[in-house]
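Presented below is the structure to which this report refers.
The values are calculated or read from the model by the stated rules, or taken from the named source; none is laboratory data. No experiment lies behind these values; they were computed from the predicted model shown. Positions of Cβ are generated from backbone atoms using ideal geometry, with glycine treated the same way; all protein chains shown enter the neighbour counts.
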């Protein structure tokens, strides 16, 4: 008879959010295959209100249920006793210890999130990680049937027009270093600041660092970073915290940047690395968690955060055109592999097997 109905569940369905985009993409694909499908959520953005229903409207039945797991929520309690085949997509939760000295609410989310994963392992028919790192984590927790399906990416949005003003302001020939992500402690921006200080002080004075991300995510950590910038006698012209910005401005920062850097110590996937690949920016990243699987051997990974070693590496990649070109060629091939690996037909095949 084949699969008749697949429904997806997530705590919040946000417009422009990576998890929300994946849920919507899967829904549209399922419908195109003649499979009844809906998205259910507690919180639904107005921009996507026609694409989802509130969780309370769902009546339990013998369907396939997909739980996009990224934070603890009441959906977990529902899944423990729900009917039908239950599938988990693990988008990962940042371990609580990163937030111990900064945000107690994020500490609690990390702590309770891991506990909920343990509860779910007894009722899930298929547990999917959107990276091999996430799959291995599921396996270590005790999930029996695991697989990998990469995060689905909206490649069409990277064709939007850039900001002319930003292009004029920062397209001045300086070595532009960029890092992207929420300003939270696991990203280890303090290590990037140290590396940038060495780069600017001892290697290439005409360097600049863009830290692109929401500064409201952890105010205490953000203010500590500002103190750190002052400690190194750097200014707001040297290191630019953009805060939360419109999407076309984010794309502009990618377009005017020369090197992407990550010193993060926890990533479940790290979408900005793929975005950098799309924009032909060489990636240099600390070899941790999901990053080696996301880069797929295409970028430069470092096992050290030594400011001198990484600072010199940044400059070498920037000035050595042959090396730069080899990295970009490898990264473009990686982007094509990601497109192939995230084909929703492969996801449907995983569901058919259960």
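For segment 155-181, residues that are under 23 Å from residue 316 (Cβ atoms) and modelled with pLDDT under 95 total 4.
Take the conditions (1) out of contact with any strand residue (DSSP E or B) (no Cβ under 6 Å at 6 or more places or on another chain); (2) surrounded by fewer than 16 Cβ atoms within 10 Å (Cβ to Cβ); (3) assigned to a helix (DSSP H, G or I); residue 31 misses just one of them, which is (1). Put simply, of 327, 239 the only residue that is in contact with a strand residue (DSSP E or B) (Cβ under 7 Å, 6 or more places away or on another chain) and under 14 Å from residue 192 (Cβ atoms) is 239. When the residues of segment 182-216 are filtered to those that are under 20 Å from residue 273 (Cβ atoms) and part of a loop (DSSP other than H, G, I, E, B), the one that is modelled with the highest pLDDT is 188. In segment 117-154, the qualifying residues are those that are within 16 Å of the chain's Cα centre (by Cα) and in a loop (DSSP other than H, G, I, E, B), and the one that is modelled with the lowest pLDDT is 154.
So which residues in segment 271-283 are closer than 20 Å to residue 183 by Cβ and either in contact (Cβ under 8 Å) with a residue 60 or more places away in the chain or more than 16 Å from the chain's Cα centre (by Cα) (or both), if there are any at all? Answer for segment 271-283, where residues must be closer than 20 Å to residue 183 by Cβ and either in contact (Cβ under 8 Å) with a residue 60 or more places away in the chain or more than 16 Å from the chain's Cα centre (by Cα) (or both): 271, 272, 275, 276. Within segment 74-87, identify whether any single residue is closer than 19 Å to residue 147 by Cβ, assigned to a loop (DSSP other than H, G, I, E, B) and at pLDDT 95 or above, and answer yes or no. Yes - at least one qualifying residue is present in segment 74-87. Taking the numbered list (1) at pLDDT 95 or above; (2) outside any strand (DSSP E or B); (3) crowded, with 16+ Cβ neighbours inside 10 Å in turn, residue 106 passes all entries but (1).
If you go through segment 293-311 and keep only what is within 16 Å of the chain's Cα centre (by Cα) and without any contact (Cβ under 8 Å) to a residue 60 or more places away in the chain, you end up with 295, 296.
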